[in-house]
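K.L.:
Mind looking over this structure? Questions follow.
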């Protein structure tokens, strides 16, 4: 008996989306192609101004700071000149009171000698008269008394003059130090007043910055609105696509084909299997089992079954 060769199997599986889902998927693809053809998948850049211009306050504040930085301040110039005059000694040259005190401290009184001569003459006349009455005029005691009187008078008058000069010098130093301190304090105040211009400019700049930020927020809102409208069709299509996605069931088709083996091969295989089974059931061993009725019957039965 003959038959076809060895068997082979071909399987084709086809899984389609749910029939009710397919029209919507086709619509998605068509709309995506339309968006691409119309250029809507590449949105336009915002056509307006994207950075807010500076407010007038900000511009004015910057100009104020630039003017001060370039032109300086008369207060600073005055303070600098005051310090320079102090260090050079010119600051108090025209102070009349200080000049008089300095003169008193450095010069002798031209009238002191005349006053001394007059006072000493009077003292000597009195001493001479006393010693004349006593008859000792011209004696050693007379000479000693005259000298002591002259010395005492000189000490009183010239030491007093020295004290006044010392007082004048002390007053002059105090006046000088006070004047210098006042000028230094004034120069420091000038610096503070000059810096006030920067403080004013900074305050105006802060107010201008707040206005600049607000204007930028308005532009940013317009840009966000523009971008939203540009992406609106694509976003809507994406939302639509998300809604129809998912596994809603489908159809799976499997096609298979298998060819049968030859009849002779099937009969021989089944007969041999039956022969082996019968020999095992005979309870015999060796050649006796293979030729037993059980083995021969099993071979015949297996061959018959192999026909089907």
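The values are calculated or read from the model by the stated rules, or taken from the named source; none is laboratory data. Keep in mind that what you see is a predicted model, and the values were worked out from it rather than measured. So basically every Cβ, Gly included, is an ideal-geometry build from the backbone, and we count neighbours across all protein chains shown.
K.L.:
Among the numbered conditions (1) modelled with pLDDT of 65 or more; (2) loosely packed, with under 14 Cβ neighbours inside 10 Å; (3) part of a helix (DSSP H, G or I); (4) over 59 Å from the mean Cα position of the chain (by Cα), tell me where residue 162 comes up short.
P.N.:
(1)
K.L.:
For the range 208-247, how many residues meet the condition of being surrounded by 11 or more Cβ atoms within 10 Å (Cβ to Cβ) and outside any helix (DSSP H, G or I)?
P.N.:
1
K.L.:
Let me ask you something else. If residue 65 meets every condition in (1) surrounded by fewer than 10 Cβ atoms within 10 Å (Cβ to Cβ); (2) in the same structural domain as residue 192 (by TED's automatic domain parsing) apart from one, which number is that one?
P.N.:
With (1) surrounded by fewer than 10 Cβ atoms within 10 Å (Cβ to Cβ); (2) in the same structural domain as residue 192 (by TED's automatic domain parsing) applied to residue 65, the lone miss is (1).
K.L.:
For the range 28-48, which residues satisfy the criterion of being assigned to a helix (DSSP H, G or I) and within 13 Å of residue 230 (Cβ to Cβ)? Step through it out loud before you land on a result.
P.N.:
In the first step, residues of the range 28-48 are kept if they are assigned to a helix (DSSP H, G or I); the result is 28-37.
The one that is assigned to a helix (DSSP H, G or I) and within 13 Å of residue 230 (Cβ to Cβ): 35.
K.L.:
Helices (runs of 4 or more DSSP H) wholly in the range 58-145 with at least 3 residues that are at pLDDT below 70 and under 60 Å from the mean Cα position of the chain (by Cα) - which ones?
P.N.:
Fully inside the range 58-145 and qualifying: 74-88, 96-106.
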